[in-house]
Amino acid sequence: MNKFMTIENKRIMRLSKTSIFYLLILFLFLSSITSFAQIYSTTEGNANFKAKMPFNSYMGKTDRLQGTINFETGKVAFKVPVTSIKTDKDKRDEHMYELLEAKKNPDVVFTGKLIDDFDFDKKGNQSVPVKGGFTLAGTTRQITIPLDLELVSEGTIQLKASWSLLITDYGLERPSIAFIQVNDEHDLSVDALLKEK
């Protein structure tokens, strides 16, 4: 009887050690997966546009850029409330909101996917293109935007991007000021600190 119990105890001990070993391997494996399952977001990034005219130009600015980048899936989603964009002239802002039909289309939206991976082990700025749909005034067009990303500290990434678009591509008329039309091409830029969720 004692001999049987000793054999059984040894067997249980062996099974326990094996179980602990496999649990440890599983834990290390899951840890390595979660280290890559990183979602970074912002709720108060900056977004700007620059509209040019033959003898003048003006800027539209907002500090309410919101969005996320999921570095595991590559999914990217950002939006800006239209009425948060200001050009320093109330009348011009009202006209812009009307032109963009802000009540019907309250947000400017981008959703897409990273084309390349971001290397968390690399220091300095990395250019990572993202391809997706940019929606302005209810019209969506596929575009590719070069993102400048930099891991500035643990859990914080600096995002910067700039690109141009033609507003007529989005079904918008070129505004005019004192009979002078604004150029079709507008320059856009974003600047945000993304924090790990």
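The values are calculated or read from the model by the stated rules, or taken from the named source; none is laboratory data. This structure is a prediction, so every number in the text was calculated from the model and none was measured. Positions of Cβ are backbone-derived with ideal geometry, glycine not excepted, and every protein chain shown enters the neighbour counts.
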Checking THR6 against (1) at pLDDT 95 or above; (2) more than 30 Å from GLU150 (Cβ to Cβ), which single condition isn't satisfied?
-> (1)
Where TYR97 falls short, out of the listed (1) assigned to a strand (DSSP E or B); (2) within 19 Å of LEU188 (Cα to Cα) = (1)
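Residues of the stretch 138-183 being under 18 Å from GLU101 (Cα atoms) and free of Cβ contacts under 8 Å to residues at least 60 places away in the same chain, which ones?
GLY138, THR139, THR140, ARG141, LEU166, ILE167, THR168, ASP169, TYR170, GLY171, ARG174, SER176
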For SER57, work out the one condition from (1) surrounded by fewer than 14 Cβ atoms within 10 Å (Cβ to Cβ); (2) at pLDDT 90 or above; (3) closer than 17 Å to LEU149 by Cβ it doesn't fulfil.
-> (3)
By residue number, the members of the stretch 36-61 that are under 22 Å from LEU194 (Cα atoms), of a type in the set (A, V, I, L, M) and assigned to a strand (DSSP E or B) are ILE39, ALA47
Does LYS104 meet the test of being assigned to a loop (DSSP other than H, G, I, E, B) and farther than 20 Å from ASP187 by Cα?
-> yes
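Yes or no: the stretch 76-91 includes at least one residue that is in contact (Cβ under 8 Å) with a residue 40 or more places away in the chain, under 22 Å from the mean Cα position of the chain (by Cα) and either outside the structural domain of ASP184 (by TED's automatic domain parsing) or not in a helix (DSSP H, G or I) (or both). Steps first, answer last, please.
Our first condition is that a residue be in contact (Cβ under 8 Å) with a residue 40 or more places away in the chain; within the stretch 76-91, this holds for 76, 78.
After this cut, where a residue has to be under 22 Å from the mean Cα position of the chain (by Cα) as well, the list is 76, 78.
After this cut, where a residue has to be either outside the structural domain of ASP184 (by TED's automatic domain parsing) or not in a helix (DSSP H, G or I) (or both) as well, the list is 76, 78.
Yes, the stretch 76-91 contains at least one residue that is in contact (Cβ under 8 Å) with a residue 40 or more places away in the chain, under 22 Å from the mean Cα position of the chain (by Cα) and either outside the structural domain of ASP184 (by TED's automatic domain parsing) or not in a helix (DSSP H, G or I) (or both).
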If we ask which residues in the stretch 138-197 are part of a strand (DSSP E or B), crowded, with 17+ Cβ neighbours inside 10 Å and in contact with a helix residue (DSSP H, G or I) (Cβ under 7 Å, 6 or more places away or on another chain), their number turns out to be 1
